[in-house]
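Student: Submitted below is the structure of interest, expressed as structure tokens.
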Amino acid sequence: MYFKQILDERCGCASYVIASRQTYEAAIVDPSIMTEQYEALLRERRFRLRYVIDTHVHADHISGARQMATAHNATLCLHEAAQVSYAFRGLKDGEELSLSQLRLRILHTPGHRPEMISILIINPPRSPEPSMVLTGDSLLVGDVGRPDFGGGDAGQQYESLNRLLRLPDWVAVFPGHFEGPCGAGMCGRPSTTVGFERLYNPLARLDKTPFIAKLISEVPARPLNITAIEATNRGLADLPWAMLTTAPSVEEVDLAALESRPDNAFLLDVREPEEYAHGHVPGAINLPQADLATRLAEIPRDRPVFAICQGGVRSLRAAQFLKQVGIGHVVSMRGGTEAWINAGKPVSYGDTTLEKPRVAESEWAHAGVIGHNR
Ligand SMILES: [Fe+2]
């Protein structure tokens, strides 16, 4: 067999190419819209693409599944529960797809999303047992996928996690993400084993009630442009540019620069509304990063834009995205609102009846999610 994990550092996503070395038949799982990398691999290896599988409708990156399936006349697969506007082959729990001698067995593992699947890879000439499982966002390394993207269910996530953890110890786990906003506690490794996660995944030892409580109370901010990305992946919109695919340089400014900003500067707070309500720089306008692409018209193109978030990371990515779509006069506030508050500067408050910030600062640091949540 042939197996390759492809990591995308910009969104923390993993995609996979699996093929038979006997017949050159291949499948791609969770491809992103940057399809040239898969095209190059298929050409180089002379693989024939038979299946393109999305483990679920993605919310943090634009899927390249439809594009790849169309280009290669391959079968586009999702779980049968997927709610999308285009045609696909609906997979059922327990069903197997074959690539010559290889078997891809579908496990329905809802929780992150209702249509979430995991894929067991079985290579019978080597073993009748599965040697790997692609888990999408059901089991991550040190975490599980968050259930708050619409249609998710923490109780189902508990059942799905435990179903996966009943697989044999040796089964290698390849998740859909190695970092990023889809789980708060990923350790950063791109793969693990069932045995290791059973022992050391902090969620694996929890009973159902504390598991659910933990999952629904500790969710990071929604990903950049989730509204546009999810609508595009469902086939309800066509906004492929909503994914950050470039890394333009963005100037990071300090507190003094923020204080002395020009009178016509537009101060853009990209945090979640409840974070904004609990303290923001006076004059800041709240437009969450989740909605940036769909509310782009609200950002003036003829004024300097100062992007700010909690700690300076979300605002940097938001500013990169604004540059990607041609809004040039944008800078990011280093240290974010936290630095402003810590310096004793005046703070404005919004509707404090909103729920408290989703993840405590100390937990962000502990969970290793600073890269996307600050
Ligand atoms: Fe996801």
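The values are calculated or read from the model by the stated rules, or taken from the named source; none is laboratory data. Only a predicted model underlies this, so the values are computations on that prediction, with no experimental measurement involved. Neighbour counts are summed over all protein chains in view; Cβ atoms, including those assigned to glycine, are modelled from backbone coordinates with ideal geometry.
Student: Got at least one residue in segment 153-170 being touching a residue at least 60 places away in the same chain (Cβ under 8 Å), within 16 Å of the ligand (Cβ to nearest atom) and either over 27 Å from residue 234 (Cβ atoms) or not charged (D, E, K, R) (or both)?
Tutor: yes
Student: Name the residues in segment 230-272 that are in the same structural domain as residue 314 (by TED's automatic domain parsing), assigned to a helix (DSSP H, G or I) and surrounded by fewer than 17 Cβ atoms within 10 Å (Cβ to Cβ), would you?
Tutor: 255, 256, 257, 259
Student: Identify the residue in segment 181-201 that is touching a Pro at 6+ places or on another chain (Cβ under 7 Å) and in a loop (DSSP other than H, G, I, E, B) and, among all such residues, is nearest to the ligand (Cβ to nearest atom).
Tutor: 181
Student: Separate question: Please verify whether residue 143 is within 16 Å of the ligand (Cβ to nearest atom) and over 22 Å from residue 233 (Cα atoms), treating the condition exactly as stated.
Tutor: Considered against the rule, which asks whether it is within 16 Å of the ligand (Cβ to nearest atom) and over 22 Å from residue 233 (Cα atoms), residue 143 comes out as yes.
Student: Quick one: how many residues across segment 93-135 are closer than 23 Å to residue 204 by Cα, out of contact with any Asp or Glu (no Cβ under 7 Å at 6 or more places or on another chain) and outside any loop (DSSP other than H, G, I, E, B)?
Tutor: Count: 11.
Student: Inside segment 50-75, can you point out the residues that are away from the ligand (no atom under 16 Å from the Cβ) and over 22 Å from residue 241 (Cβ atoms)?
Tutor: Selection gives 50, 51, 72, 73, 74, 75.
Student: Oh, and also: Answer yes if at least one residue in segment 121-134 is out of contact with any strand residue (DSSP E or B) (no Cβ under 7 Å at 6 or more places or on another chain) and either within 11 Å of the ligand (Cβ to nearest atom) or not assigned by TED's automatic domain parsing to the domain that holds residue 186 (or both), and no otherwise.
Tutor: Checking segment 121-134: not a single residue is out of contact with any strand residue (DSSP E or B) (no Cβ under 7 Å at 6 or more places or on another chain) and either within 11 Å of the ligand (Cβ to nearest atom) or not assigned by TED's automatic domain parsing to the domain that holds residue 186 (or both).
Student: A follow-up question, please. Out of (1) farther than 22 Å from residue 92 by Cβ; (2) out of contact with any Leu (no Cβ under 7 Å at 6 or more places or on another chain), the odd one out for residue 53 is which?
Tutor: Unmet for residue 53, out of (1) farther than 22 Å from residue 92 by Cβ; (2) out of contact with any Leu (no Cβ under 7 Å at 6 or more places or on another chain): (1).
Student: Among the candidates 148, 143, which residue alone is touching a Gly at 6+ places or on another chain (Cβ under 9 Å) and under 23 Å from residue 11 (Cα atoms)?
Tutor: The conditions single out 143.
Student: Any residue in segment 122-150 that's more than 25 Å from residue 290 (Cβ to Cβ): show its pairings with residues that are within 16 Å of the ligand (Cβ to nearest atom) and assigned to a loop (DSSP other than H, G, I, E, B) at Cβ separation under 9 Å, as long as the two are six or more apart or on different chains.
Tutor: 134/30; 134/55; 134/176
Student: Of all residues in segment 108-129, how many are under 14 Å from residue 98 (Cβ atoms) and in contact with a Leu (Cβ under 9 Å, 6 or more places away or on another chain)?
Tutor: 6
Student: Could you look through segment 3-39, keep only residues that are polar (S, T, N, Q) and part of a strand (DSSP E or B), and pick out the one that is surrounded by the fewest Cβ atoms within 10 Å (Cβ to Cβ)?
Tutor: 5
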